[in-house]
Each structure stands twice: as C-alpha cells, then as structure tokens.
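The values are calculated or read from the model by the stated rules, or taken from the named source; none is laboratory data. All values reported here derive from a predicted model rather than from experimental measurement. Note that we place each Cβ from the backbone using ideal geometry, even for glycine, and neighbour counts take in every protein chain shown. All accessible areas refer to the heavy atoms of the entire protein, side chains included, with ligands and DNA or RNA removed. Shrake-Rupley method; radii C 1.70, N 1.55, O 1.52, S 1.80 Å.
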Amino acid sequence: MDTRVTKKKLGLKERYAAMTRGLAWDTTYQPMDKVFPFDRYEGIKIHDWEKWEDPFRLTMDAYWKYQGEKERKLYAVIEAFAQNNGQLGVADARYINALKIFIQAVTPLEYMAHRGFAHVGRHFTGAGARVAAQMQSVDELRHFQTETHAISHYNKYFNGMHNASHWYDRVWYLAVPKSFFEDAMSGGPFEFLTAVSFSFEYVLTNLLFVPFMSGAAHNGDMSTVTFGFSAQSDESRHMTLGIECIKFMLEQDPANVPIVQRWIDKWFWRGYRLLTIVAMMQDYMLPKRVMSWKEAWEMYAEENGGALFKDLARYGIRLPKGWEIACEGKDHISHQAWNAFYNFAAAAPFHTWVPTDEELNWLSEKYPDSFDQYYRPRLEFYRERQQAGHRYYSKTLPMLCTTCQIPMFFTEPGDPTKICYRETTHGGDKYHFCSDGCKHIFEQEPEKYVQSWLPVHQIYQGHCFKPGVDPTQPGFDPLAAVLDWYDLNVGRDNFDFEGSEDQRNFATWRGDAPQAGSAKKGGAA
Amino acid sequence: MNTVATVSKVFIAFQDNEEARPVVEAILADNPQADAVYSPGLVKINAPGHLVVRRATIEEQTGRPFDLQQIHVNLVTLSGHIDEDDDQFTLSWNQ
Ligand SMILES: [Fe+2]
Ligand SMILES: [Fe+2]
C-alpha cells in the first residue's frame, strides 16, 4: 500500500533512498571497531543497519529550506516584539520568572543536546542513524541560539538572566538538569538516544513545550511562544527519531529487549524528576493559566504514554518502572517544588511569591484531592507571616538525592504528609535518595553515581567559595560566600517578588499604581 | 494505571495560524472521527487509532500546489507511527 504509481520524478521514498543510502562505507586502513569504538559495548546487537527507518524522509536540501523558513518567521516576531516593547505587554511581571528558569535550566540543555547528538552522530556505524543525529545536533544548536536571542531582550529589563551559563555550572538547582544530561552523554550512543530522544523527547517533552508555550501565548509573550513552537516543530522529528530507534533496537535482536527496558525504566524516572520544575512553572508561574500540570500530565503522559506503551507491548516492553508513582505525583509535585523554592528564595536567582487568592482558588479547583488539604494552608500561613514582616528564607542547606540531585522534598507514595527518604550503602559510604526510583538507578550503576557533583556536598567541602575566602574567620556567612561565588546579585536576582526591583520597574514602566502589592493583578482568566 | 481502555488516540498539533489553517481544515474533512481542540496559539487534532493528512485535500482548500513536507514549518507535535509519501502523511497505532 506504500508504493504508488511512479511519476516523472522519483517519489519521496525513492528520492530519499537515492540521496541518503549507500553513502557510507566500511573503513579499511583501520578496523571498524577502532574507528567506531562506542556502538557495541553497550551490548545492543544490530544485524542490519539498512532496516533503520526515517519516516520523515527529510533530505538535506529540504531540511535547510524548511529550517530557513522557520528562522525567518521566528526572527520577524522577535524583532517586532523588541521594537514594540513587547516585554511590557506580558500579563504580569511575575511571569518573567518562568523565563529566567527557562534561560537558566532549559537553554543550556539545548546546547548539551547539540553536543550530545554531534557525538552520537559521529559514533553510530549506521549511516541512517548518523544522519538523523547530525540533523538533530544542528536543530539543538538552533534552539540554543534562538532562545538566547529571544530572552536576551528580556535580559535588558529584568534581573535573573544575566549570568545563565555561569550559573548552570554552579547553582544548586541547576545541577538537576546538568546532571541529567551529563548522565545521558556519558552513556553509550544507544542509551543516549533512549534517554534523550525516546524517554525525554517522545514521552515527556510535550509537557514542557506544548502547554507551557500555549501558556506563554496566553500571558501575552509572543516572543517566547514563537521560539517555543519553532523549537517544538523540530521536536516532532526528534520524537520520531526516538521511537524509531527504540523499534529498531527491539526488532534487531530479542536480546536487546531487557537492555532497552532497563534504560526506559531509568530514563523515564530521571526525566520525570527533571520535569518537576516544569510542573511548578505551569501551576505557579503563569499568571494566566491554560491548564494545570495535572491536566497536562493526564493528556500527554497518561493518555499518550499509555497508547505508546500499549503499542510497544508487542515487543515485550512494559510501562516504565515507577509509572504509577509518577501518576500519583501529579497531585503533588508542583506544590512541593514551589514550597521548596519559596523557602530557598534567598539562594536562587529568580523570585517566588504566594499566589493571589484568585490563583489559590484556581489551584483548589484543579487539585480537589490535594491542594486544600495539604498545600493551601501552608501558603496562607506564609502570606500571613510575610504580611507581618516575617518573610522566611531558609539559609541552611538541604539534603540532596544522589541520583536526581533534587532536595529531599518529595513525599512517600500514599502519604503526602511524610517526606520520602531512601538510602543505600556502597563502598562503606551511605548514599541518600528521594525515591525508590532514584535508589534503584543508583544501585544499577553505583560506580557512576558515586562521582556525582552534589552541590551541597561541594559547598560543605569548601569548593564553592571564591579563592582567598577563609571559612574559619569569625562571623563567616557561608550562604553569602556561595552566592558571591555564583556571581548572583544579592537583593536584585533573589528573594520574594514582592518588593523586588523587577516588580517596581515593571509597575513604573507600565504606569501602574506603585507598590500597591502584586495581589491585584493576575488571576485565572 | 491509566492505560487507554479502547482505541488509542493519535494526535497532531499545529501553530494556530493562517498557514496551518488549510491543513487543519483538510485533516478535519478527511478524518470525520477527528476533533480539534484549540488553546492559545495552538490547535491539537486528536483521532482514535489513525489519522491521515492528504495533499490533494489541502490543495483543494488553497487552490495551489502544496508540498506535504511544508507541514514541518507549523507542526508543533504529534504522536503515533508515521508513514509519509508525496500524497499523504499518516499517523497510526498498531492496536
Ligand atoms: Fe531542542
Ligand atoms: Fe531523586
């Protein structure tokens, strides 16, 4: 049913075959295994690389043509946005904090993805996989650049964006995305594709780019929605690379199935943990809401992921380990993360706040099984304390999970009143985890994870101060010394949104009544 | 435990703009089982089991030639196995 009547020109499939296949060769001066040292040691058995499918059949000339078109459209919007002072048209200056997290945590991952795909694009022996990975490498560089360009406009007006790549290597919560990607890049090429293309992009990335970007549009940020959707338009190709790679491995040899399942288990959980911050952005940082994290999870993870794993069952693949726990988490993780960042707002270069009453009501409505019972009273208490002049900032350091590097704030499955702690011993040392999922991942590869650069440990070991700092001197303030090492502008980049320079400036630029409190704006639309 | 009870849905989403509109309209015309859901900036089309995008229908909508690979420009996301040739683009699940 695929073959059609041959026309004067070659059809798409023939054209694609003619332009992409038979272009690779086996090396003769050196053995193939020496030239391609990475594509066998993971144990994945490939018998016939010719079976690799590229369903989009995008040839290089078509690729450049459509990518060029996307860029022209995107830069027209970015330009217009800048010329018209679009930053003043966003719903509320609190929203800008979501963009700060974007440039701090997401954009550097685009660059890491660029490098990661360039690496695997060099190291597969199959030409089809190499071409797909190389195209993606170029895409990811484009995403890094367009996000940097689009957000650089905001950087002229708002705090918390001026040092993003420096922070990525240093700031405690940015170790979460950084370690995720370095874990993937230090795996072999098949694990990398399973991690990034399949588990992250196919199963989870819709949750980042689709509802959140629709939310950006709803909040008047045409620049972000345009770079978001422009990046996401490449994502369809990336997701397809992910699912094709999985199918290819599973079809090539039944011995691949357990290896792939183990990777899916690991990377689903790693990706799920990483998305905690997106859950929080969606529920707390978009003043005008499109959908809750819970609704997005149901639509993109449960419904779509469910369909995917039902389809893959024919290969003997099951739902990832921890799936049920992740589904239970939809009622909780955004609230637990916001609570953590609210408390650590002195140590993070973005602002937090207690939502307005209207927003609290929206959360109550969207989370009938958890919000009023567990989370709303806490937020109302924080607000009361703040209004009494006692905004609380935690200055101690949290215990981190050795695997995902997130502070231990997740709760026990089945009991949202109890923090979940797990531990294991390896080589005489004790290691701590946020969940069974993270503990299990560690136990599969302890020699890898004992090397984790855990920010809190590093601070305690004295590795996060500027040269010449003497922690033994009387009155030493470790947090201040760490923030100095981060190059964070204390008082401008951090603390509550209420009373921030961003808040003041935005109100002044818009001609709003000064200092009446942010509470009057925003709210569900 | 939320595996889908009956037929799994495929979906395809586009930026909600003028370029994508004839594509969306063609999909809805060719796939009576599909429904379109609009949110800001975005239109997402869901269909049980399978969905087809036909070049001929898009060309009827616009009155000019259309290369199916042009959908990449406004495509936001999709789900399902893909099969594409010059005349149609399909999404399906095996079950
Ligand atoms: Fe990307
Ligand atoms: Fe963890």
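Every residue, every condition in (1) at pLDDT 95 or above; (2) part of a loop (DSSP other than H, G, I, E, B); (3) surrounded by fewer than 17 Cβ atoms within 10 Å (Cβ to Cβ), yes or no:
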| position | (1), (2), (3) |
| --- | --- |
| A:G437 | yes, no, no |
| A:D470 | no, yes, yes |
| A:F476 | no, yes, yes |
| A:D484 | yes, no, yes |
| A:V490 | yes, yes, yes |
| A:N494 | yes, yes, no |
| A:N505 | yes, no, yes |
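For a quick check of your reading of the model, give me the residue pairs whose first member lies in the stretch A:129-148 and is part of a helix (DSSP H, G or I) and open to solvent by 20 Å² or more (accessible area, probe 1.4 Å), whose second is near ligand 1 (Cβ under 10 Å from one of its atoms) and not hydroxyl-bearing (S, T, Y), with beta-carbon atoms closer than 6 Å and at least 6 apart or on different chains.
Cβ pairs passing all conditions: A:L141/A:H114; A:F144/A:E110.
Only one of B:D16, B:D30, B:D87 is surrounded by fewer than 18 Cβ atoms within 10 Å (Cβ to Cβ) and touching a Leu at 6+ places or on another chain (Cβ under 8 Å). Can you tell me which?
The unique qualifying residue is B:D87.
In the list A:V260, A:V196, A:V290, A:V278, which residue meets the criterion of being within 14 Å of chain B (Cβ to nearest Cβ) and either more than 16 Å from ligand 1 (Cβ to nearest atom) or crowded, with 24+ Cβ neighbours inside 10 Å (or both)?
So the residue among A:V260, A:V196, A:V290, A:V278 that is within 14 Å of chain B (Cβ to nearest Cβ) and either more than 16 Å from ligand 1 (Cβ to nearest atom) or crowded, with 24+ Cβ neighbours inside 10 Å (or both) is A:V290.
Out of all the residues in the stretch A:230-247, which are open to solvent by 10 Å² or more (accessible area, probe 1.4 Å), away from ligand 1 (no atom under 16 Å from the Cβ) and not acidic (D, E)?
A:K247
Filter the stretch B:38-58 for residues that are touching a helix residue (DSSP H, G or I) at 6+ places or on another chain (Cβ under 6 Å) and among the charged types (D, E, K, R); which is farthest from the other protein chains (Cβ to nearest Cβ)?
B:R54
Out of B:Q69, B:Q61, I need the residue that is assigned to a helix (DSSP H, G or I), facing chain A (nearest Cβ under 8 Å) and farther than 30 Å from A:N219 by Cβ. Which one?
None of the others qualify; the one that does is B:Q69.
Which one of these is open to solvent by 50 Å² or more (accessible area, probe 1.4 Å), at the interface with chain A (Cβ under 9 Å from one of its Cβ atoms) and closer than 22 Å to A:L241 by Cα: B:N74, B:N94?
Selected residue: B:N94, the only one of B:N74, B:N94 that is open to solvent by 50 Å² or more (accessible area, probe 1.4 Å), at the interface with chain A (Cβ under 9 Å from one of its Cβ atoms) and closer than 22 Å to A:L241 by Cα.
Could you list, in sequence order, the residues of the stretch A:411-425 that are touching a Phe, Trp or Tyr at 6+ places or on another chain (Cβ under 8 Å), open to solvent by 30 Å² or more (accessible area, probe 1.4 Å) and within 16 Å of ligand 2 (Cβ to nearest atom)?
A:I419, A:Y421, A:R422, A:E423
Picking from A:Q261, A:Q252, which residue would you name as being over 25 Å from A:E324 (Cβ atoms) and at pLDDT 95 or above?
When all the criteria are applied, what remains is A:Q252.
Would you tally the residues in the stretch A:73-86 being charged (D, E, K, R) and either more than 10 Å from chain B (Cβ to nearest Cβ) or part of a loop (DSSP other than H, G, I, E, B) (or both)?
1
Do the conditions hold for B:V24, that is, is it outside any strand (DSSP E or B), touching a Phe, Trp or Tyr at 6+ places or on another chain (Cβ under 9 Å) and open to solvent by less than 30 Å² (accessible area, probe 1.4 Å)?
In short, yes.
Kindly indicate the residue of the stretch B:53-71 that is open to solvent by less than 40 Å² (accessible area, probe 1.4 Å) and of a type in the set (S, T, N, Q) and also nearest to A:M299 (Cα to Cα) among those meeting that condition.
Here the residue is B:Q69.
Mind listing just one residue for me: the one in the stretch A:37-72 that is over 27 Å from B:F14 (Cα atoms) and surrounded by fewer than 14 Cβ atoms within 10 Å (Cβ to Cβ) and, of those, farthest from the other protein chains (Cβ to nearest Cβ)?
A:P37
Here are A:H432, A:H463: which of them is assigned to a strand (DSSP E or B), open to solvent by 50 Å² or more (accessible area, probe 1.4 Å) and farther than 20 Å from A:A346 by Cβ?
So the residue among A:H432, A:H463 that is assigned to a strand (DSSP E or B), open to solvent by 50 Å² or more (accessible area, probe 1.4 Å) and farther than 20 Å from A:A346 by Cβ is A:H432.
Criterion first (more than 14 Å from chain B (Cβ to nearest Cβ) and more than 16 Å from ligand 1 (Cβ to nearest atom)) does A:T125 satisfy it?
So A:T125 fits the description; yes.
Would you call A:Q252 open to solvent by 10 Å² or more (accessible area, probe 1.4 Å), polar (S, T, N, Q) and more than 10 Å from chain B (Cβ to nearest Cβ)?
The answer is yes for A:Q252.
Does the stretch B:40-52 include one or more residues that are polar (S, T, N, Q) and open to solvent by 30 Å² or more (accessible area, probe 1.4 Å)?
No - not one qualifying residue is present in the stretch B:40-52.
Give the number of residues within the stretch A:152-180 that are within 15 Å of ligand 1 (Cβ to nearest atom) and surrounded by fewer than 22 Cβ atoms within 10 Å (Cβ to Cβ).
1
Between a first residue in the stretch A:103-119 that is within 11 Å of A:D139 (Cα to Cα) and a second residue that is more than 11 Å from ligand 1 (Cβ to nearest atom), which pairs have beta carbons less than 6 Å apart while being 6 or more apart in sequence or on different chains?
Pairs found: A:F117/A:A133.
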